[in-house]
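Below you'll find the structure, written out as structure tokens, and then a few comments.
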Amino acid sequence: MSNLRLTLGFALALGMLAAQPAPATMQAPALRPGEGFAITLGDGEVRAYGEAGKEAPMGSLAKLVWMRLEGAEWSGRGVRYTCKGTAGTFTCWNREGHGRVDVGKALRESCNLAFLAWIQDAQTHWRKDYGEAAARARMEDVFAPFLGRRLPQGETLPPLTPAWVGDGDLLRTSPEAFLRWLMEPDKAEVVTFGKRFLASFWVEVQDLFGKEGWWFKTGTAPVPGDPTATSAWVAGGRGSALVVLHLPRGRGKQEGMTRIREILGLKD
Ligand SMILES: [Zn+2]
């Protein structure tokens with residue numbers, strides 16, 4: 001059976017699941033070695049395939065964690081930033097600069113400098129509003145699922161570095177863990193931001209989820225032990241369905257989007 005037919009079989013199985021109680025078995029998506037994929041159809045059940053439980057640096061998915069912390073504040077204030085590619089000691093992955101960005105564009109294009117600037121500003125406010133130790137506790141609380149024991153103990157805010165927006169391997173997750181995080185009721189706002197800022201016009205080959213478009217946040221992350229390689233993340237959803245995909249190699253925007261579209265059977 002070809003990959004396409006397997007994929008369509010999976011998409012059809014999803015369609016049936018959306019319409020009726022989940023059957024005990026469903027056809028698994030056709031994954032390649034090293035890929036991990038987790039999906040929920042909004043029924044509270046998580047289906048995990050391939051390396052869905054394997055932890056890896058989370059790359060730009062970290063920006064969705066920041067949206068949980070500060071997204072309402074930033075979009076409410078209509079923050080803007082002009083990315084010129086470098087700022088002080090920081091460099092954006094896009095050395096040419098992203099130009100003028102708002103929250104939506106910074107999220108879509110994963111502008112590290114915009115996020116770092118807004119985070120720095122937010123932290124100044126936290127210190128003033130409730131003090132250093134409470135600010136630290138707040139940040140630790142939200143990032144705990146992704147930190148393990150890698151953050152040195154302390155009472156002060158950790159130094160702001162690109163690691164907090166997805167560089168390096170301080171922050172890690174697995175497809176299943178990130179999906180479960182997105183499913184938590186207090187993350188509903190993150191999903192709403194995804195729908196608002198990251199929605200596409202893609203629909204299924206067979207339109208199974210209704211009229212709403214899919215939204216996707218892509219991410220590119222380092223591969224521990226291989227400085228020349230990157231791995232790809234895609235997190236997204238449609239309606240109450242949510243998906244998270246990790247590829248062991250590749251760049252989120254290109255390889256990640258190609259694979260998630262194949263797996264879900266999406267067309268333009
Ligand atoms: Zn930028």
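The values are calculated or read from the model by the stated rules, or taken from the named source; none is laboratory data. Note that the structure is a prediction, hence the values are computed from the model and not measured. Reconstructed Cβ throughout: ideal geometry from the backbone, glycine too, with neighbour counts over all protein chains shown.
Evaluation of A38 against the conditions (1) in the same structural domain as S231 (by TED's automatic domain parsing); (2) assigned to a helix (DSSP H, G or I) shows that the sole unmet condition is (2).
What about K54, is it within 28 Å of R249 (Cα to Cα), within 16 Å of the ligand (Cβ to nearest atom) and modelled with pLDDT of 95 or more? No.
Pairs meeting the criteria (first residue in region 213-235 and assigned by TED's automatic domain parsing to the domain that holds R32, second residue acidic (D, E) and part of a loop (DSSP other than H, G, I, E, B), beta carbons under 7 Å, at least 6 apart or on different chains) are P222/D169; P224/D169. Restricting F178, F143 to those that are more than 15 Å from the ligand (Cβ to nearest atom) and in the same structural domain as L245 (by TED's automatic domain parsing) reduces the list to F178. Applying a threshold of 8 Å to beta carbon distances and a minimum spacing of six or more residues, or different chains, the list of pairs starting in region 76-95 at a residue that is over 10 Å from C111 (Cβ atoms) and among the acidic types (D, E) and ending at one that is at pLDDT 95 or above and surrounded by 15 or more Cβ atoms within 10 Å (Cβ to Cβ) is empty.
Listed here are the residues, each with its yes/no results for (1) modelled with pLDDT of 95 or more; (2) more than 18 Å from the chain's Cα centre (by Cα); (3) over 26 Å from A188 (Cβ atoms).
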| position | (1), (2), (3) |
| --- | --- |
| T25 | no, yes, yes |
| G36 | yes, no, no |
| G42 | no, no, no |
| L64 | yes, no, no |
| A72 | yes, no, no |
| T82 | yes, yes, yes |
| R95 | no, yes, yes |
| W118 | yes, yes, no |
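Let's see how each residue does on (1) of a type in the set (A, V, I, L, M); (2) within 14 Å of the chain's Cα centre (by Cα):
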position	(1), (2)
E132	no, no
M139	yes, no
A144	yes, no
L151	yes, no
W164	no, yes
L171	yes, yes
E176	no, yes
W181	no, yes
D186	no, no
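The residues of region 80-94 that are part of a loop (DSSP other than H, G, I, E, B) and more than 9 Å from the ligand (Cβ to nearest atom), listed by number, are G88, T89.
When N112 is tested against (1) on the phi > 0 side of the Ramachandran plot; (2) in contact with a Gly (Cβ under 9 Å, 6 or more places away or on another chain), just one condition goes unmet, and that condition is (1).
Hey, does region 110-121 have a residue that's surrounded by fewer than 18 Cβ atoms within 10 Å (Cβ to Cβ) and either polar (S, T, N, Q) or near the ligand (Cβ under 9 Å from one of its atoms) (or both)? So far as region 110-121 goes, yes, one or more of its residues are surrounded by fewer than 18 Cβ atoms within 10 Å (Cβ to Cβ) and either polar (S, T, N, Q) or near the ligand (Cβ under 9 Å from one of its atoms) (or both).
Name the residue that is farthest from G71 (Cα to Cα), counting only residues in region 137-159 that are touching a Phe, Trp or Tyr at 6+ places or on another chain (Cβ under 9 Å) and not β-branched (V, I, T).
From region 137-159, those touching a Phe, Trp or Tyr at 6+ places or on another chain (Cβ under 9 Å) are 138-139, 142-143, 145-146, 151, 157-158; that's our starting set.
Among the residues that remain, those that are also not β-branched (V, I, T) are: 138-139, 143, 145-146, 151, 157-158.
On the way: R138: 15, M139: 14, F143: 15, P145: 19, F146: 18, L151: 23, L157: 19, P158: 20 Å.
That would be L151.
Scanning region 217-261 for residues that are crowded, with 16+ Cβ neighbours inside 10 Å and assigned to a helix (DSSP H, G or I) gives G252, K253, E255, G256, M257, R259, I260, R261.
Quick check on my filter: what residues within region 95-104 are surrounded by fewer than 18 Cβ atoms within 10 Å (Cβ to Cβ) and either under 23 Å from A199 (Cβ atoms) or more than 8 Å from the ligand (Cβ to nearest atom) (or both)?
Step one: of region 95-104, the residues surrounded by fewer than 18 Cβ atoms within 10 Å (Cβ to Cβ) are 95-97, 99-100, 102, 104.
Of everything in region 95-104, those that are surrounded by fewer than 18 Cβ atoms within 10 Å (Cβ to Cβ) and either under 23 Å from A199 (Cβ atoms) or more than 8 Å from the ligand (Cβ to nearest atom) (or both) turn out to be R95, E96, G99, R100, D102, G104.
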